[in-house]
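Have a look at the structure below, then the notes.
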Amino acid sequence: MKLQEIVDLLEAEVVTNKELVPTIEIHSACGSDMMSDVLAYVSDQGLLLTGLCNPQVIRTAEMMDITCVAFVRGKRPDDMVKSLAQSKGIVILETKKQMYQACGILYTHGLDAKQ
Amino acid sequence: MTSIKQSYIVDGNDFISCGHASEAVKRTLKELGMPSDLIRRVAIAMYEGEINMVIHAEGGVADVEIFSDGVKIYLRDHGKGIADIEQAMQEGFSTATDDIRELGFGAGMGLPNMKKYADEMEIDTEIGVGTTVYLGFKVR
Ligand SMILES: Nc1ncnc2c1ncn2[C@@H]1O[C@H](COP(=O)(O)OP(=O)(O)OP(=O)(O)O)[C@@H](O)[C@H]1O
Ligand SMILES: [Mg+2]
């Protein structure tokens, strides 16, 4: 799925690396507030949906080669989080949708949760 | 055989910048053109170890040695030590407090995950003295 389509479906705001959005294709996603679980279970996901908002979310994404982090429930990353993501080429999205809703929308539109 | 040695201080009071050592190692491995599978495994395992040094110990030093066919990492801290290594290695075992869980860690998955990604792992620990975790990776 094109990242732009995800932005539209989640009615999200692109906060960092806006110019990269058209170049990114997302094949699978995961949703979690526990970075421990993301590190332990996720493989080859391009998108992380989370309600947790601290710099370790971006570091976790970087270690896992996750290219886009979507903050749900209207969570707003602070400048520190934004600049870290900006420098790593990670796209940050903000959506007002709740975790369950956001994951459900993407899932029903065909975005898989490959294990 | 020649190797590249790097040493990083992991500040135990700085959760915010935790991960910078793993990040730097990942970058170096990329620049050296190491296989992406190795880079991924090293980055995740070392990051888990770095996080542990900050949330369970008071920080320490990460020594990294990069060879043409693998990577060796020593994570040394002077924290409280691990009472029962076998128990600590079990998935789901964690002594993390709610404060740590609110930061997104403390599921008891770090050490088992490090074991999964590394080709060799050894833990040396003494209560009240500290812990050294050795991680060895080979190009597969
Ligand atoms: N460097 C360390 N110093 C002291 N205790 C440690 C250290 N590393 C791990 N431990 C102990 O081992 C337990 C298990 O560690 P592990 O990394 O598997 O899980 P965790 O850190 O609690 O949670 P997670 O890694 O999922 O965020 C920890 O809860 C802690 O009690
Ligand atoms: Mg851990």
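The values are calculated or read from the model by the stated rules, or taken from the named source; none is laboratory data. Source: prediction; values computed, not measured. Methodologically, a virtual Cβ is constructed for each residue, glycine included, from the backbone with ideal geometry; neighbour enumeration extends over all protein chains shown. Ligands, DNA and RNA are stripped out before the accessible areas are found, and what is left, the full protein with its side chains, is counted by its heavy atoms. Shrake-Rupley method; radii C 1.70, N 1.55, O 1.52, S 1.80 Å.
Values computed for the structure shown
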{"read-out": "Hz values of 3J(HN,Hα) by residue in segment A:20-28 - Karplus curve (6.51, -1.76, 1.60), Gly and Pro given as x", "value": "7, 3, x, 8, 9, 10, 10, 9, 7"}
{"read-out": "Segment A:3-108 - accessible surface per residue (Å², probe 1.4 Å)", "value": "41"}
{"read-out": "Buried area at the A-B interface (accessible, heavy atoms, 1.4 Å probe, summed, Å²)", "value": "2000"}
{"read-out": "Gain on full stretching of the segment that runs from A:K96 to A:E19 - 0.36 nm per residue minus C-alpha separation", "value": "25.5 nm"}
{"read-out": "Scaled radius of gyration (Cα, divided by 2.2 N^0.38 Å) that the protein assembly as shown gives", "value": "1.01"}
{"read-out": "Karplus-derived 3J(HN,Hα), 6.51/-1.76/1.60, for each residue of segment A:44-51, Hz, glycine and proline x", "value": "6, 8, x, 10, 10, 9, 8, x"}
{"read-out": "Summed residue charge, Cβ within 14 Å of B:G12's Cβ, Lys/Arg positive, Asp/Glu negative", "value": "-3"}
{"read-out": "Length released on extending from B:I4 to B:S36, taking residue separation times 0.36 nm less the Cα-Cα span", "value": "9.7 nm"}
{"read-out": "Net lengthening on full extension, A:K75/A:E11 (0.36 nm per residue, minus Cα-Cα)", "value": "21.6 nm"}
{"read-out": "Long-range HN-HN contacts of A:A70 with modeled amide H, under 5 Å", "value": "A:L48, A:L49, A:T50, A:L93"}
{"read-out": "Alpha carbon convex hull of segment A:3-108, projected area averaged over orientations, nm²", "value": "5.6"}
{"read-out": "Neighbour net charge for A:Q4 - beta-carbon separation under 15 angstrom, K R +1, D E -1", "value": "-4"}
{"read-out": "Local net charge near B:D119, Cβ-Cβ under 13 Å (Lys/Arg +1, Asp/Glu -1)", "value": "+2"}
{"read-out": "Mean ellipticity per residue at 222 nm, deg cm²/dmol - from DSSP H runs of n ≥ 4 across chain B, formula -39500 (n - 2.57)", "value": "-10000 deg cm²/dmol"}
{"read-out": "Cα-projected label distance for B:T97 with B:R140, points at 7 Å along beta-carbon direction, nm", "value": "3.8"}
{"read-out": "Share of carbon and sulfur in the accessible heavy-atom surface of the protein assembly as shown [1.4 Å probe, %]", "value": "50"}
{"read-out": "B:G130 long-range amide H proximity, modeled H, under 5 Å", "value": "B:G81"}
{"read-out": "Karplus-derived 3J(HN,Hα), 6.51/-1.76/1.60, for each residue of segment B:125-136, Hz, glycine and proline x", "value": "8, 9, 4, x, 10, x, 9, 10, 10, 9, 10, x"}
{"read-out": "Amide H contacts of B:V10 (H built 1.01 Å from N, under 5 Å, at least 5 apart or other chain)", "value": "B:G60, B:V61, B:A62"}
{"read-out": "Average accessible surface area per residue within segment B:4-138, 1.4 Å rolling probe, Å²", "value": "47"}
